[in-house]
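Asks: Have a look at this one before I ask anything.
The values are calculated or read from the model by the stated rules, or taken from the named source; none is laboratory data. Just so you know, these numbers come straight off a predicted model, no measurement behind them. For neighbour counting, all protein chains shown are included, and Cβ atoms are generated from backbone atoms with ideal geometry for every residue, glycine included. Surface areas here come from the heavy atoms of the whole protein model, side chains and all, with no ligands, DNA or RNA. Shrake-Rupley method; radii C 1.70, N 1.55, O 1.52, S 1.80 Å.
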Amino acid sequence: MDGKDTGRGSAMWKKRGLTGIIILSILTTFLVGSSPMTREERIIVRALEEAGAKPSLYMWHHGGRTKDFYPRESVSTWVDALTDDLDIESARRVTEADGQRWTASGVWKRNIHIELNVINDRPRERFVQPYISIRLMGRGLSDAHLFRARNHLIRVLQQHHLEPRTHFSVQGTIQPPTRRESLRKEKIIARVLMRLGADEVESMKSERTTSVSAYTPLFNGGLETRGGTMNIQAAVKTGTDEKSVIFTLGTPIITIEY
């Protein structure tokens, strides 16, 4: 194959990738009108499904400091109000060398689990801005009550003057075409990123796991790293049967263990 053929091939694949992005955007816009998911969530789930995985675990993660300052002695009272509104157990407080931590968890309906962590890492200051971490996990098929739970979480955050900063991740398993075949982790990720028009920013590879962070123009914002801006992360891990793979997608980064 000469240089001209190589150039034509590259241009063809880029054109196909661009066409895929346009089609995906149109379909996503149409689906969002009747879906409880956000546009970015719909794209992530659809990409996972098109890779051959059935979504089995969803996770939203909120992390960040409070916008408001609280008197140091009133943090416990505020955490109690937060756990009440989240409808979870009372928080347990632990005093550590570098501050105080409150932890609580609970179950919302079927297969929806929530975990709360509040950290005051400046216990000697009179007014503080605690760091809040909330994980909302759902198992099973994507249905309305799962995403209503996400919306309830956002409403509670806003009620407590917390700006929602939710990272979304979804995970599923891909089975090989036949029992004798195995799946190429790098190819799975490459195909998904190409369909999303994403450029790799950084990656990590081991014997069982491949993880790639990238940037796609389909999503707004992202996280700044030494390699550049990233707003999507894909990871593939060899399954326990040594044939299937566990595929995880997240924006801007994965918050599910993989």
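Asks: Given labels modelled 7 Å from the Cα in the Cβ direction, how far is it in nm from Lys67 to His161?
Replies: Result for the modelled spin labels: 0.9 nm.
Asks: Turning to a different aspect of this structure: How much accessible area per residue does region 68-162 have, in Å², with a 1.4 Å probe?
Replies: 55
Asks: Where the accessible area of region 190-258 is counted over protein heavy atoms with a 1.4 Å probe, how much of it, in %, is carbon and sulfur?
Replies: 46
Asks: Right, something else. Defining a contact as two alpha carbons under 8 Å apart and six or more residues distant in sequence, what relative contact order in percent does region 68-162 show?
Replies: Values: 134 pairs, mean separation 23.1, N = 95.
It comes to 24 percent, rounded to a whole number.
Asks: What percentage of the solvent-accessible surface of region 68-162, computed with a 1.4 Å probe over protein heavy atoms, is contributed by carbon and sulfur atoms?
Replies: Values: 2510 of 5250 Å².
Summing carbon and sulfur atoms, their accessible area is 48 percent of the total for region 68-162.
Asks: May I pose another question? Can you find, among Ala91, Val156, Val128, the residue sitting farthest towards the positive end of the charge dipole of region 68-162, where Lys and Arg contribute +1 and Asp and Glu -1 at Cβ?
Replies: The listed residue farthest towards the positive side: Val156.
Asks: So for each of 184-193, 117-126 I average, over its residues, the number of other beta carbons within 10 Å; can you give me the resulting order with the highest mean first?
Replies: Details: 184-193: 17.4, 117-126: 15.0.
Those peptides, ordered most packed to least, come out 184-193, 117-126.
Asks: With no solvent and one point per C-alpha, what does the Debye sum give as log10 I(q)/I(0) for region 68-162 at q = 0.15, 0.16 Å⁻¹?
Replies: Scattering profile of region 68-162, log10 relative to I(0): -0.60, -0.67.
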